[in-house]
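Written out below as structure tokens is the structure these notes cover.
The values are calculated or read from the model by the stated rules, or taken from the named source; none is laboratory data. Keep in mind the model is a prediction, meaning the values are calculated, not measured. When we count neighbours, we look across all protein chains shown, and the Cβ atoms used for this are built from the backbone with ideal geometry, even at glycine.
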Protein chains: 2
Amino acid sequence: MFSVTCVAPVNIALIKYWGKRHEELILPVNDSISMTLSTDELCAKTTVTASESFERNRMWLNGEEVPFEEGSRLQRCLKEVHRLAVASGSQKVPPTWKLHIASVNNFPTAAGLASSAAGYACLVYSLSRLYDIPLSEELTTVARQGSGSACRSLYGGFVQWHRGALDDGSDSVARQIAASDHWPNMHVLILVVNDARKKTASTRGMQQAVKTSQLIKHRVDQVVPDRITRLREAIASHDFQAFAEITMKDSNQFHAVALDTYPPCVYMNDVSHRIVSFVHDYNDRMGSYHAAYTFDAGPNACLYVLAEHVPHLLSAIQKVFPNDLADGDTYLRGLPIPKEQDAECSKLDSLDVHAKNAFRYIIHTKVGEGPRELSADNSLLINGLPLE
Amino acid sequence: MFSVTCVAPVNIALIKYWGKRHEELILPVNDSISMTLSTDELCAKTTVTASESFERNRMWLNGEEVPFEEGSRLQRCLKEVHRLAVASGSQKVPPTWKLHIASVNNFPTAAGLASSAAGYACLVYSLSRLYDIPLSEELTTVARQGSGSACRSLYGGFVQWHRGALDDGSDSVARQIAASDHWPNMHVLILVVNDARKKTASTRGMQQAVKTSQLIKHRVDQVVPDRITRLREAIASHDFQAFAEITMKDSNQFHAVALDTYPPCVYMNDVSHRIVSFVHDYNDRMGSYHAAYTFDAGPNACLYVLAEHVPHLLSAIQKVFPNDLADGDTYLRGLPIPKEQDAECSKLDSLDVHAKNAFRYIIHTKVGEGPRELSADNSLLINGLPLE
């Protein structure tokens, strides 16, 4: 019996992936760039156990057994990993042995964060450790076939997912742009918004966008390539001003394309838009960009902010979005935040205050590293079955 | 002393005007098409009095005197009308006589309807009656210089405002596509939404869109021309299906461009988006388009619906958007609505009900005619001064 346990990070796109050019291979219509978040605050954790005695492949997701279906994305990833194992000559674990897999997220799905990206990255990374396959560009194409943006979660720091040109998708790979220690003071506040609406699943939203939006083609051909170049430069030179502007514009344009889809897809709500106008007001008062928002296919905001500006930004957030839970320890989660010294609070005096309790909680985290293997005592499986 | 009193209609764009190619002359970046609403429910009303004894030009708007400034849009319209009066040889009223002007809207500004379009159309039409100038394409260029979309309110029925190509704007005119009796059963429900947000003024929103949106150019060059052609065909052939789809798509795209503006402009709110998804659900259940939404630079919905479908659509609205005022006579305004015969109510059973009191009220109106002169007993001025 062989077993490995790994964690893999969440990543948040700065230049958004939206729209596929091939549904099954999950090939995107444009390049995207993301930042990987620290696994200390948010991660997926997966144990893969192989045994000669297992009769069939089984999987447990957040404690519930899920079907391991023929033709599923899960099967496809496993088959691709087996192919790489054979190609690399790895013989540690016989590919005929069945697997038991358990995976959990350490963050509530209510956070609306892309759990499938971290989950598939963790699965593929764990399989690669089990079969002793090195991390490579080719491995990112395997994660990509589980969930598109999962390929970006195989690296830490800043990562570009290349669209690629080939029909078989072999050049649609993720590559690291800069490691997590390149810009270590890049922090993130995730504002988890109260919301009860039904929303369009992102797979369907993307399909409809490619089919019906008249603006998406212009975005893909004329807008994204230039933004990719400029964001890479901003990251390379630690230029927060350019980083912030490109990030905010690309978030807005992604939601514009979703709205130009027919019927329209709406992911942001009134609170999301209130956060947008707050960030612009706040930056205006500070005289330069101190914060940048981005929104994925949901109402929650992800704010990028340099470590030294976190306390002041949080003071402003607490002022504009007052919360009954603000002093409780379930409201502010993640990295601790030093008390603000009140130095520039007068700049915040005229900010409009929003209605109470717009957020469920706030997570404070930062740029982080890629997946890593944990010691055996972290296993989610004992003798191939989940811990109770 | 000479005096005329006129009313002019509100118009609602089906293909949206958004973005100017010349700020002062108010020349648009694309053609637009609108439907004129009946003045029975919504109108501006203006009295213009000219007298040798008036010492200066004065104006009252909804009862409040407003400055008549040199270089204002008001002055510009007056100067242009004088030019047309001279050109047409009209000598009824000497152009040296000063004017007193009073104008009112019969609908609350809270309705968020484009009051300036009706207002400037009414002003320019009233001046044309005073100076005995015929209604002409050239007159629409005068109204356009007061408020862009005012040029469309000089005609009834369906109207196209042509972008034009000339620098002086002389070919940026409104022309009637079809008179109001061409499609007389085209009705409208205006859902006036509760909203308290600050919003970007549309003049500024347009400027910023042209300056910063990367998608607007594609809309203007590649999308609108084809939609104009197809909407004209739909109107000509009374094709409600095509009419509805083009109208909804263009509303969505206008708001997509506003969102792609930097900083983004957001005019629809959560209730607006709830109306959008309701209309799509409703049409799905009916098996074809029975209603089409459009949203201007605000959260209120304008729903196009054929007269025979109004009662059923209203039943569905009342079911999905329950209102404590629903039985009061201030809630349903405008044209009376026959009671629904419950015939197809089962189709509505599974519609999700929204929270109560999302709307302030609903206005029921229909396609209508252009401006017209009223008899003297409708005057807003007595001896040149407003009625108290």
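Sort out for me the strands (runs of 3 or more DSSP E) sitting completely within the range A:145-202 that have 2 or more residues that are aromatic (Phe, Trp, Tyr) and surrounded by 22 or more Cβ atoms within 10 Å (Cβ to Cβ).
A:158-161
I'd like the full set of residues that are surrounded by 21 or more Cβ atoms within 10 Å (Cβ to Cβ) and outside any helix (DSSP H, G or I), limited to the range B:298-332.
Within the range B:298-332, B:PRO299, B:ASN300, B:ALA301, B:CYS302, B:LEU303, B:TYR304, B:VAL305, B:PHE321 qualify.
From A:VAL193, A:VAL223, grab the single residue that is in contact with a Gly (Cβ under 9 Å, 6 or more places away or on another chain) and touching a residue at least 12 places away in the same chain (Cβ under 8 Å).
A:VAL193
Run down B:ASN105, B:ASN185, B:ASN194 and say which single residue is closer than 30 Å to B:LEU313 by Cβ, within 14 Å of another protein chain (Cβ to nearest Cβ) and not charged (D, E, K, R).
B:ASN194
One residue is enough: does the range A:115-128 have a residue meeting the conditions more than 28 Å from A:GLU55 (Cβ to Cβ) and of a type outside the set (Gly, Ala, Ser)?
no
Please specify each residue of the range A:209-219 satisfying the condition of being more than 12 Å from chain B (Cβ to nearest Cβ) and surrounded by 15 or more Cβ atoms within 10 Å (Cβ to Cβ).
Passing the criteria: only A:VAL210.
Restricting to the range B:242-259, name every residue that is within 14 Å of chain A (Cβ to nearest Cβ) and farther than 20 Å from A:ILE216 by Cβ.
The answer is B:ALA242, B:ALA244, B:THR247.
For the range A:41-64, what are the residues that are out of contact with any Asp or Glu (no Cβ under 8 Å at 6 or more places or on another chain) and over 30 Å from A:GLY368 (Cβ atoms)?
A:SER51, A:GLU52, A:SER53, A:PHE54, A:GLU55, A:ARG56, A:ASN57
Which of the residues belonging to the range A:252-296 are aromatic (Phe, Trp, Tyr) and assigned to a helix (DSSP H, G or I)?
A:PHE254, A:PHE278, A:TYR282
How many of the residues in the range B:375-386 are under 21 Å from B:TYR120 (Cα atoms), surrounded by fewer than 16 Cβ atoms within 10 Å (Cβ to Cβ) and hydrophobic (A, V, I, L, M, F, W, C)?
So the count comes out to 2.
Of all residues in the range A:272-290, which are within 9 Å of chain B (Cβ to nearest Cβ) and touching a residue at least 40 places away in the same chain (Cβ under 8 Å)?
Result: A:ARG274, single match.
Checking A:TYR293 against (1) within 14 Å of chain B (Cβ to nearest Cβ); (2) within 22 Å of A:MET35 (Cα to Cα); (3) over 16 Å from the mean Cα position of the chain (by Cα): exactly one of these is not met. Which one?
A:TYR293 satisfies every listed condition except (3).
Here's a check for you: in the range A:225-251, which residue that is not polar (S, T, N, Q) and not in a helix (DSSP H, G or I) is surrounded by the fewest Cβ atoms within 10 Å (Cβ to Cβ)?
A:HIS238
(1) touching a Ser or Thr at 6+ places or on another chain (Cβ under 7 Å); (2) within 24 Å of B:ASP270 (Cβ to Cβ); (3) not charged (D, E, K, R): which one isn't true of A:LEU259, the others all being true?
(1)
For A:GLN222, indicate whether it is surrounded by fewer than 22 Cβ atoms within 10 Å (Cβ to Cβ), closer than 21 Å to A:HIS162 by Cα, modelled with pLDDT of 95 or more and at the interface with another protein chain (Cβ under 9 Å from one of its Cβ atoms).
So A:GLN222 fits the description; yes.
Testing A:TYR17 on (1) more than 30 Å from A:ASP260 (Cα to Cα); (2) in a loop (DSSP other than H, G, I, E, B), one condition comes back false. Which one is that?
Single failed check for A:TYR17: (1).
Which of the residues belonging to the range A:260-270 are more than 7 Å from every other protein chain (Cβ to nearest Cβ) and either in contact with a strand residue (DSSP E or B) (Cβ under 9 Å, 6 or more places away or on another chain) or under 22 Å from A:VAL192 (Cα atoms) (or both)?
A:CYS265, A:TYR267, A:MET268
Listed residues B:GLY157, B:GLY164; which is more than 14 Å from the chain's Cα centre (by Cα) and on the phi > 0 side of the Ramachandran plot?
B:GLY164
In the range B:20-44, what residues are in contact with a helix residue (DSSP H, G or I) (Cβ under 8 Å, 6 or more places away or on another chain), in a loop (DSSP other than H, G, I, E, B) and under 24 Å from B:PHE243 (Cβ atoms)?
B:VAL29, B:ASN30, B:ASP31, B:LEU42
Filter the range A:349-374 down to residues that are of a type in the set (Lys, Arg) and modelled with pLDDT of 95 or more and give me whichever is surrounded by the most Cβ atoms within 10 Å (Cβ to Cβ).
A:LYS366
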